[in-house]
1. Quick one: how many residues across the stretch 52-70 are surrounded by 16 or more Cβ atoms within 10 Å (Cβ to Cβ) and assigned to a strand (DSSP E or B)?
2. Which residues, taken from the stretch 79-107, are touching a His at 6+ places or on another chain (Cβ under 9 Å) and crowded, with 17+ Cβ neighbours inside 10 Å?
3. Let me spell it out: the conditions are (1) at pLDDT 95 or above; (2) of a type in the set (A, V, I, L, M, F, W, C); (3) under 30 Å from Pro127 (Cβ atoms); (4) in a loop (DSSP other than H, G, I, E, B), and Cys266 meets all of them except one. Which number is the exception?
4. Is at least one residue of the stretch 55-69 in contact with a Pro (Cβ under 7 Å, 6 or more places away or on another chain), charged (D, E, K, R) and farther than 15 Å from Leu227 by Cα?
5. Among the numbered criteria (1) aliphatic (A, V, I, L, M); (2) within 15 Å of Phe234 (Cα to Cα); (3) free of Cβ contacts under 8 Å to residues at least 40 places away in the same chain, which single criterion is violated by Ala186?
6. What is the number of the single condition among (1) surrounded by fewer than 18 Cβ atoms within 10 Å (Cβ to Cβ); (2) touching a helix residue (DSSP H, G or I) at 6+ places or on another chain (Cβ under 8 Å); (3) under 18 Å from Leu192 (Cβ atoms) that Lys144 does not meet?
Amino acid sequence: MPELPEVETTVRGLERVLAGHRIARVEARRPDLRRALPEGLGQRLTGAIVIGLRRRAKYGLIDTDRGDTLVFHLGMSGHWRIDPSETGKHDHFIVETDDGRRLALNDPRRFGSLDLVPTEELPDWPPIKALGPEPLDLSARELKRRLAGRKAAIKLLLLDQRIVAGLGNIYVCEALHRAGIHPARAGGSVSLQRLERLVPAIHDVLEEAIAAGGSTLRNFASPDGELGYFPKSFAVYDREGKPCPCGGTVRRIVQGGRSTFYCPKCQR
Ligand SMILES: [Zn+2]
């Protein structure tokens, strides 16, 4: 499942193909992903010049010179393919540029989405408006304020996109482990001093993953290049029963219907 670093890597890869280029052709091969594609999508994008690409939480934002922003979300299984030699049944949306590059949004499970929003209305677009601050912009004091009085588990609160936007299961597990915080601890009970370890841990796990993703972009120009997925290694995530460097053993619990991996010896 793509998390923030995969989306950031994808945006940087798409930027190399799209930025400054005119969209020569688009093809929507089905009427919907998780929800219906916008009406007139092809008409509004064809001929437009891409003037910038950005990310907000797990949304990729492609700005055009017509004042529109194409917003994509990769859902559970989405990824963009670069210059595919042939397209397949899961390539639902195709973009071709004026210099002959081709991009295909491939999404076998179709939990992703595509929306076209006037760029100046984007901050008020409900899915974006509801989001908390970017994790890479977060400070410990701001997080303390957002967690104040909350009795839910810190793990679940960090996954709440209204508290902090774009964090997913993997990086929350890893950041809590680095900060030595037990995932079931009540969010409001975590001291500022401990949040001052957690917030840099969040920054570090995300930035390390973004750097790992960035290193995979070197060969993205190869035919059938796929953006956004790269090998990663984790300290606790998906390591139930394996040793922690502290001498403890990684344990798995279920919180909010999802697996949490942590070390009971060094996370309190
Ligand atoms: Zn440990």
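The values are calculated or read from the model by the stated rules, or taken from the named source; none is laboratory data. This structure is a prediction, so every number in the text was calculated from the model and none was measured. All Cβ positions, glycine included, derive from the backbone under ideal geometry; neighbour counts span all protein chains shown. Remember, those area values only see protein heavy atoms, side chains included, never the ligands or the DNA or RNA. Shrake-Rupley method; radii C 1.70, N 1.55, O 1.52, S 1.80 Å.
1. Number satisfying all stated conditions: 12.
2. Hits for the stretch 79-107 are Thr97, Ala104, Leu105, Asn106, Asp107.
3. With respect to (1) at pLDDT 95 or above; (2) of a type in the set (A, V, I, L, M, F, W, C); (3) under 30 Å from Pro127 (Cβ atoms); (4) in a loop (DSSP other than H, G, I, E, B), Cys266 is out only on (3).
4. yes
5. Single failed check for Ala186: (2).
6. (1)
Condition check ((1) away from the ligand (no atom under 16 Å from the Cβ); (2) in a strand (DSSP E or B); (3) open to solvent by 10 Å² or more (accessible area, probe 1.4 Å)) across all residues:
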site: Val164; (1), (2), (3): yes, no, no
site: Val172; (1), (2), (3): yes, no, no
site: Ala212; (1), (2), (3): yes, no, yes
site: Ser215; (1), (2), (3): yes, no, yes
site: Phe230; (1), (2), (3): yes, no, yes
site: Tyr237; (1), (2), (3): no, no, yes
site: Cys246; (1), (2), (3): no, no, yes
site: Val254; (1), (2), (3): yes, yes, yes
site: Phe261; (1), (2), (3): no, yes, yes
